[in-house]
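Presented below is the structure to which this report refers.
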Amino acid sequence: MQTIQDNIQAVEAKVKEAAEKSGRKREDILLLAVSKTKPVEIIREATACGLTSLGENKVQEIMDKYEPMGEGIHWHLIGHLQTNKVKYIIDKVDMIHSVDSLHLAEEINKRAAAKNIVMPVLVEVNMAEEESKFGVKPEDTEALLLALSKLENIQVKGLMTVAPFVENPEENRVYFRKMRELLVDMNNKKIHNIHMDELSMGMTNDYEIAIEEGATIVRVGTGIFGERNYPHKG
Ligand SMILES: *Cc1c(COP(=O)(O)O)cnc(C)c1O
């Protein structure tokens, strides 16, 4: 049987190869293990292999797993975040990938200020402009960044996208490329307090392509933990 350790070895090899293809090193890429729906016993198999950065898309799951997983874990909130839930995770996560409105950013800023921290965030961009997806439209990114630049207790580290679900991952290459172009364009605007280095893009199906196009963070769930077990839905 294929173990989590086997899965990680396979993913690691592909991450390394794709990094080298884009003229970078394995260390330049963060492999975020997306542990949503997985219980802590299973997640520990991944952290034992050295994957200590974990991605969750629900506030509740971070709250449930935070204590049992203990110290040394870097939690990333990667899913849509409701304003009224920011307070629960503000002192638990290392990064919030899903900022897509000033309203949400202001709440994060307020809660971070109260804890005397500066929260690293990414702006989520709906690069393929899919109806069903969260994120700002590419053309609205600059306006949001301008507004965010005035908030002192958040630091915008980069951009994030969830690419379309496609059979052939090559179809997403264009969106990953546009994400990188957008990052470069935005940095060239020289907005006060905004210089972005991170591109969070690529999931199990397409992370190699994303890395080739400049991803610095890939979010891999199924490729590490296997299929997800949702209790009530498919
Ligand atoms: C679930 C999820 C992932 C991981 O998806 P896989 O296809 O299982 O790798 C990545 N990013 C986000 C935002 C997710 O919700």
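Quick notes
- Around Lys16: net Lys/Arg minus Asp/Glu count, Cβ-Cβ under 11 Å: -1
- Of every Cα-Cα pair in the chain, the percent that sits beyond 31 Å: 19 percent
- Stokes-Einstein D (µm²/s) once Rh is taken as the Kirkwood radius of region 77-184 over alpha-carbon pairs, at 4 °C in 1.567 mPa s: 91 µm²/s
- Net charge over other residues, Cβ less than 12 angstrom from the Cβ of Asn188 (K, R count +1; D, E count -1): -1
- Solvent-accessible ranking of His97, His103, largest area first, probe 1.4 Å: His103, His97
- Coarse-grained scattering of region 18-62 at q = 0.13, 0.17, 0.19, 0.29 Å⁻¹, given as base-10 log I(q)/I(0) from a Debye sum over alpha-carbon atoms: -0.38, -0.57, -0.66, -1.01
- Pair Arg44, Glu170: separation of 7 Å Cα→Cβ label points (nm): 4.4 nm
- Counting Lys and Arg as +1 and Asp and Glu as -1 over every other residue whose Cβ lies under 15 Å from the Cβ of Val220, the net charge comes to -1.
- By the rule of a C-alpha distance below 18 Å, with chain neighbours fewer than 8 residues away ignored, the lysines paired with Lys38 are Lys58, Lys65, Lys233.
- Nearest-0.05 FRET efficiency for Lys110 and Arg228, computed from C-beta distance (R0 45 Å): 0.85
- From its DSSP helices (H runs of at least four residues, each -39,500 (n - 2.57)), the chain gives a residue-normalised ellipticity at 222 nm of -11000 deg cm²/dmol.
- Comparing mean-square fluctuations of Pro169, Pro138, Pro68 from a GNM of the chain with C-alpha springs under 10 Å, the top value falls on Pro68.
- Region 8-66 and region 114-156 have Cα centres spaced 23 Å apart.
- Cα-based reach from Lys137 at 21 Å (exclusive), listing lysines while leaving out same-chain residues under 8 positions away: Lys150, Lys157, Lys178, Lys189, Lys190
- Straight-line reach from Lys16: taking Cα to Cα under 13 Å and skipping same-chain neighbours fewer than 8 places apart, the aspartates and glutamates in range are Glu27, Asp28, Glu208, Glu212.
- Gaussian network model of the chain, Cα within-10 Å springs - most flexible of Lys157, Lys133, Lys115: Lys115
- One quarter of the surface of the convex hull around the alpha-carbon atoms of region 167-234 equals 6.3 nm², the direction-averaged projected area.
- Most mobile listed residue (Asn193, Asn172, Asn205) in the chain, GNM with C-alpha springs under 10 Å: Asn193
- In this structure, Glu142 and Lys21 have a Cβ-Cβ separation that, at R0 = 35 Å, corresponds to a calculated FRET efficiency of about 0.70.
- Label-zone membership for region 112-129, site Arg180, 7 angstrom Cα→C-beta point, backbone N under 20 Å: 123-129
- Shape of region 6-138, Cα gyration tensor, a/c cut at 1.5: oblate
The values are calculated or read from the model by the stated rules, or taken from the named source; none is laboratory data. These figures come from a predicted structure and were not determined experimentally. Glycine gets a Cβ as well: all are built from the backbone with ideal geometry, and neighbour counts include every protein chain shown. We work out accessible area using only protein heavy atoms, side chains counted, and drop any ligands, DNA or RNA first. Shrake-Rupley method; radii C 1.70, N 1.55, O 1.52, S 1.80 Å.
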